[in-house]
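Each remark here refers to the structure printed beneath this line.
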Amino acid sequence: MRDFFREEEESVIIEDEKYLLPSYLPDEVLFRDREMEAIAASIRPFLRGKGGRHVYVFGPSGCGKTTSIKYLSLQASRLFGVVCAYVNCWENYTAMAVLNKIVESLKLPLPRRGLAVDEMFSRLLHFIKHEKKRVVVFLDDVEGLKQHSLIALLLKANESSSHFLLVTVAQSREWLASLDARIRSMLSPYEVPFAPYNEEQRFEILRQRAYLALRKGSFSEQLLRKIARYGTSARDCIERLRAAAKKAEERGKAKIEIQDLEDSAPTYFDVFLSEEERFIVSLLQSGPQSTHAIYTAFSQFKKLTKRQIRNYLALLEEKGVVKSREEKSTKRIKPKTYFLVAGYEKGGFDNK
Ligand SMILES: Nc1ncnc2c1ncn2[C@@H]1O[C@H](COP(=O)(O)OP(=O)(O)OP(=O)(O)O)[C@@H](O)[C@H]1O
Ligand SMILES: [Mg+2]
């Protein structure tokens, strides 16, 4: 009789997919020693009980910002026993959500509901002062934060003694420039730019990941070189490799070939973009579009507010799939023109 509970067939190409997933934190962060040293130098005095300096990390999508700060956060909490609170501000975009994350990292038993922001914060501060705790708050993707007042709240609490050190992470300098002048001057962070990786660096990062995740002999150096040439960032390269590996397995092959890479580009979109994001990509495949044209096209597809659509556009920009150019206008929210980043026009490879 058929064995219905047999082990799933062993995969012939992917040995351990976790090394190709966005959630994986590499043991070694390549090519970022200088940037990580600069961030650490700003935090170090704070870890030792002194002032330290807030940090502003910025650089394009997929260039290792999140990876680097998570690595530093792990090291800092292991070495010095300080509390490190990591918050992704796309996911936690209100002041309350960020506070909840800080409370969580302090393992404070405060009620999650029913408290106003001010009350929650004053209880948090009371605890921190009483227990003499110091917290490094890593605000990743800080552009997502809707309430800048949270930053003012944390900085004001530092006036008497320094309780919080902020490491803010964004894709460009724009966010810092957009801050209210008073908050910006209280923050006056040490700025650490992250440049995009060059092709050779993308190749090295990809190779390291390929050897961890894939079976020996299932990929060639030529394949990795091709991905590194076309990929727009480290993330993009790793995701393309994963999609190609899946495609080759689906075809029952033991080795990934260039053809699998090219054919997997559409699945790449299926796996990594939401329905709304894919809709925008398909619109832009026929050429650049204005914000207004995108709003209009959306009304045929799904009822969303302009703000929601702009959020999806910002996400796509963050993922390095689209770029935008601001048009001249006297309006508060300036209209933009959006276009696809080279290499995505036909789902991946054809146009480069
Ligand atoms: N220097 C590196 N060494 C090893 N892996 C890296 C390195 N830089 C990036 N990666 C890998 O590339 C992917 C993207 O990196 P990461 O999430 O840190 O980028 P990011 O700069 O935070 O991008 P975004 O602005 O989109 O959030 C991750 O899978 C990460 O493991
Ligand atoms: Mg990131």
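Every read-out reported here was derived from the displayed coordinates using simple, explicitly stated rules and does not represent laboratory data. Values in this document were obtained by computation on a predicted structure and should not be read as measured data. Quick reminder, even Gly has a Cβ in these numbers, built from the backbone with ideal geometry, and neighbours come from all protein chains shown.
Worth pointing out:
- Selected from Ser162, Phe58, Ala41, residue furthest toward positive end of dipole (the chain; charges at beta carbon): Ser162
- Proportion of all alpha-carbon pairs of segment 33-193 beyond 24 Å (%): 27 percent
- According to the Cα-based calculation, Rg over Rh for segment 203-345 is 1.07, with Rh computed by the Kirkwood formula.
- Cross-link table Lys65/Lys319; Lys101/Lys132; Lys247/Lys303; Lys247/Lys319; Lys156/Lys334; Lys146/Lys303, entries beyond 24 Å C-alpha to C-alpha: Lys247/Lys303; Lys156/Lys334
- R0 of 41 Å, Cβ-Cβ distance Tyr295-Arg215: FRET efficiency to nearest 0.05: 0.30
- Antiparallel bridge percentage (DSSP; both residues within the chain; nearest 5): 30 percent
- Placing +1 on the Cβ of every Lys and Arg and -1 on the Cβ of every Asp and Glu, with no other charges, gives segment 198-345 a dipole of roughly 480 debye about its Cα centre.
- Computed magnitude of the charge dipole of segment 275-340 (debye, nearest 20; Cβ of K, R +1, Cβ of D, E -1): 340 debye
- Radius, Kirkwood style, for the chain when every pair of distinct Cα atoms is counted (Å): 22.4 Å
- Size descriptors for segment 275-340, from the alpha-carbon set: Rg then Dmax equal 11.0, 33 Å.
- Overall form of segment 13-117 per C-alpha gyration tensor (a/c, 1.5; a/b vs b/c): oblate
- Loop-located trypsin sites (Lys or Arg not before Pro) in segment 182-257 whose Cβ has at most 13 other Cβ within 10 Å (DSSP): Lys216, Arg251
- Mean projected area of the Cα convex hull of segment 168-251, taken over all directions, amounts to 7.4 nm².
- Loop-exposed GluC sites (Glu not before Pro) per DSSP, neighbour cap 10 Cβ within 10 angstrom, longest uninterrupted part of the chain: 160-352
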